[in-house]
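**Q** A single structure is presented below for examination.
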């Protein structure tokens with residue numbers, strides 16, 4: 001505990017304990033307090049040298065709240081930075097639930113990042129799951145309540161996989177600390193599966209595209225940053241070089257782009273696009289070389305910024321119009337030019353245009369696949385890059401701010417939202433123009449030059465000719481029309497057939513319960529009680545029925561005898577009962593006299 | 001007070017200029033391809049205009065597959081309600 005104080009408070013606790021006090025502040029003081037929390041966390045991060053800090057005793061183990069090395073530090077920086085930007089974006093929100101949930105969620109992500117042992121990892125993992133659910137619930141619509149319920153169920157299942165894997169692993173090794181692990185054995189696979197749920201690996205992904213678009217406007221910005229990227233961090237920490245991740249990541253880069261292309265809700269398009277970007281990262285983890293891991297970390301860093309920027313810009317449109325669907329939007333640039341520019345910066349960055357952050361990060365992963373001679377993977381990643389510009393690079397800004405004029409004339413969002421978007425947009429370009437600032441904080445030394453003639457021209461050709469294809473398809477009417485419709489994904493299995501199964505099971509089990517209640521509780525137990533109560537009298541009556549009678553008919557004699565016996569047993573006045581009472585009385589008298 | 005509105009991208013002349021600039025830029029990229037030294041990982045990467053062709057084809061494939069996918073996945077907005 002002394003360790004907690006001498007080395008400063010862990011960033012996770014600054015966020016989580018700080019979140020509890022948020023409701024006690026009002027007005028500008030509340031805003032100042034909330035902006036101060038990430039600044040304090042950043043100061044701690046900058047001041048603590050590499051090493052292990054913040055040990056806490058738990059049972060026979062030492063929990064490590066602070067494993068500070070280059071890898072955890074860079075994730076710590078970006079998590080704190082995006083918390084700061086997201087907080088600015090959310091300052092106009094008058095809802096403490098969102099603030100507290102947002103800060104606890106960010107604190108959970110920081111806790112996962114600096115966890116040096118499995119227990120700490122699991123605790124913060126679950127804090128993230130619970131806190132993030134409230135960012136969806138806080139929208140307070142029927143849709144969001146249902147989506148939040150499905151979201152938390154999914155994460156509980158994922159968390160249980162993780163917990164089961166952790167228990168097996170600790171039992172096997174006797175150690176609670178974690179690090180690189182071969183993907184062998186049931187324990188490792190369960191941990192992998194638990195982390196894969198949070199990384200939204202298909203087919204375990206539908207919680208993301210289901211829940212994020214139902215979250216509050218500011219909540220979606222928080223959500224876009226932490227869950228998937230902390231899962232990427234854990235993958236880098238535990239499973240670097242796991243070959244299966246190369247193929248999973250490559251598949252993940254292409255699977256969502258088709259859905260994004262035909263999706264109507266812009267925040268759902270961005271959710272699919274988020275999956276696509278995480279696919280690049282997982283592919284980098286699977287390749288596992290220093291270049292690939294540097295690429296993964298830098299891409300996570302850059303992605304958090306531009307994805308938040310895109311969610312912020314679409315969220316701003318939603319804030320002023322109440323709409324987020326392509327069919328309801330269009331022509332918004334006319335009255336929201338600055339928001340439009342911010343969105344375009346985000347779109348250019350995610351498409352990896354030269355001079356933006358995506359270019360200097362994603363290219364490291366693709367180059368790493370080329371360097372290791374993974375030809376098919378390299379082709380898939382290039383294909384997915386062209387796909388990104390089609391859905392996130394063009395579709396999001398085009399159908400929101402340009403395209404057909406929806407006739408809506410909304411003003412720019414509040415100043416705090418504009419400032420947050422401005423900071424994120426600036427950083428997207430700054431990192432793209434001066435990549436060394438990011439490269440210098442990566443886990444391994446960087447010997448990579450993104451701005452070569454071949455690379456810049458090649459990338460521009462890929463992107464611009466993809467734009468040309470988009471233009472021709474749009475012009476010829478072959479581009480999928482904007483439709484008021486949804487698209488089923490793997491969530492269909494648990495939202496339709498599983499619902500029918502649950503209803504059937506409910507009917508069967510409830511019926512079984514009612515039948516058992518009738519038979520066992522109401523009938524059988526009653527019969528046993530009645531038998532226990534009348535057994536002696538009934539048995540004697542049964543035997544008495546065989547004894548001969550003189551003056552009465554058999555039936556009358558039996559009835560009166562049995563009723564007398566019933567009364568006698570009920571009142572304890574049978575000859576045996578009276579005799580037993582006398583014997584008892586005698587014993588008492590003898591006891592008193594002697 | 002009437003809100004100030006931009007209409008830069010609604011004027012046909014402006015769109016024409018932008019499209020013209022876009023096509024010129026594409027031509028410049030195609031020409032530049034012959035003047036840069038390539039450090040290709042794979043033989044196809046070094047082929048002339050590989051990325052231009054790959055980008056164009058990829059986008060067409062993505063959008064075509066999406067349209068086919070929609071045929072199977074499209075449902076009414078109230079489908080899950």
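**Q** If the requirement is being over 27 Å from the mean Cα position of the chain (by Cα) and away from every other protein chain (no Cβ under 13 Å), which of these qualifies: A:356, A:296?
**A** Answer to the check: A:356.
**Q** If only one of A:506, A:511 is more than 29 Å from residue A:294 (Cα to Cα), more than 8 Å from every other protein chain (Cβ to nearest Cβ), surrounded by fewer than 19 Cβ atoms within 10 Å (Cβ to Cβ) and modelled with pLDDT of 90 or more, which one is it?
**A** Going through A:506, A:511 in turn, the sole match is A:511.
**Q** So which of A:330, A:284, A:346 ends up being outside any helix (DSSP H, G or I) and in contact with a helix residue (DSSP H, G or I) (Cβ under 7 Å, 6 or more places away or on another chain)?
**A** A:330
**Q** So which residues in the range A:49-66 are in contact with a helix residue (DSSP H, G or I) (Cβ under 9 Å, 6 or more places away or on another chain) and either under 25 Å from residue A:20 (Cβ atoms) or assigned to a helix (DSSP H, G or I) (or both), if there are any at all?
**A** Across the range A:49-66, the qualifying residues are A:53, A:54, A:55, A:56, A:58, A:63, A:64, A:65, A:66.
**Q** Looking at (1) more than 13 Å from the chain's Cα centre (by Cα); (2) within 24 Å of residue A:193 (Cβ to Cβ), can you tell me which one residue A:138 breaks?
**A** Failed condition: (2).
**Q** Say whether the condition of being surrounded by fewer than 24 Cβ atoms within 10 Å (Cβ to Cβ), under 20 Å from residue A:350 (Cβ atoms) and out of contact with any strand residue (DSSP E or B) (no Cβ under 9 Å at 6 or more places or on another chain) is met by at least one residue in the range A:282-294.
**A** No - not one qualifying residue is present in the range A:282-294.
**Q** Kindly provide the set of residues from the range A:322-354 that are under 29 Å from residue A:381 (Cβ atoms) and modelled with pLDDT under 95, ordered by number.
**A** The one that is under 29 Å from residue A:381 (Cβ atoms) and modelled with pLDDT under 95: A:326.
**Q** For the structure I just gave you, tell me whether residue B:71 is loosely packed, with under 11 Cβ neighbours inside 10 Å and free of Cβ contacts under 8 Å to residues at least 60 places away in the same chain.
**A** yes
**Q** Separate question: Please find, among A:262, A:257, the residue that is within 14 Å of chain B (Cβ to nearest Cβ) and in contact with a strand residue (DSSP E or B) (Cβ under 8 Å, 6 or more places away or on another chain).
**A** Answer to the selection: A:262.
**Q** Here is a further query. Six or more apart or on different chains, Cβ atoms under 6 Å: show the pairs whose first residue is in the range A:468-485 and in contact (Cβ under 8 Å) with a residue 60 or more places away in the chain and whose second is surrounded by 13 or more Cβ atoms within 10 Å (Cβ to Cβ) and assigned to a loop (DSSP other than H, G, I, E, B).
**A** From the range A:468-485, the pairs are A:484/B:77.
**Q** Let me ask something additional. Check the range A:446-456 and report whether any residue there is farther than 30 Å from residue A:210 by Cβ, surrounded by 15 or more Cβ atoms within 10 Å (Cβ to Cβ) and more than 14 Å from every other protein chain (Cβ to nearest Cβ).
**A** yes
**Q** So which residues in the range A:424-445 are buried (at least 20 other Cβ atoms within 10 Å of the Cβ) and farther than 17 Å from residue A:75 by Cα, if there are any at all?
**A** Selection gives A:425, A:432.
**Q** Find all pairs meeting these conditions: Cβ atoms under 7 angstrom apart; at least six residues apart or on different chains; first residue within the range A:489-502 and within 12 Å of chain B (Cβ to nearest Cβ); second residue loosely packed, with under 12 Cβ neighbours inside 10 Å.
**A** Final answer for the pair search is A:490/A:203.
**Q** Name the residue that is farthest from residue A:348 (Cα to Cα), counting only residues in the range A:381-402 that are more than 10 Å from chain B (Cβ to nearest Cβ) and surrounded by fewer than 24 Cβ atoms within 10 Å (Cβ to Cβ).
**A** My answer is A:399.
**Q** Filter the range A:459-475 down to residues that are facing chain B (nearest Cβ under 7 Å) and farther than 15 Å from residue B:30 by Cα, then give me how many there are.
**A** Residues in the range A:459-475 being facing chain B (nearest Cβ under 7 Å) and farther than 15 Å from residue B:30 by Cα: 3 in total.
**Q** Output the residues belonging to the range A:159-182 that are more than 20 Å from residue A:59 (Cα to Cα), surrounded by fewer than 23 Cβ atoms within 10 Å (Cβ to Cβ) and touching a helix residue (DSSP H, G or I) at 6+ places or on another chain (Cβ under 6 Å).
**A** A:159, A:161, A:181
**Q** Could you go through the range B:34-50 and let me know if any residue there is over 26 Å from residue A:261 (Cβ atoms), surrounded by 15 or more Cβ atoms within 10 Å (Cβ to Cβ) and within 7 Å of another protein chain (Cβ to nearest Cβ).
**A** Yes - at least one qualifying residue is present in the range B:34-50.
**Q** OK, next. Out of all the residues in the range A:368-378, which are within 8 Å of chain B (Cβ to nearest Cβ) and surrounded by fewer than 22 Cβ atoms within 10 Å (Cβ to Cβ)?
**A** Within the range A:368-378, A:370, A:371, A:373, A:375 qualify.
The values are calculated or read from the model by the stated rules, or taken from the named source; none is laboratory data. Keep in mind that what you see is a predicted model, and the values were worked out from it rather than measured. Glycine also receives a Cβ, built like all others from the backbone with ideal geometry; neighbour counts cover every protein chain displayed.
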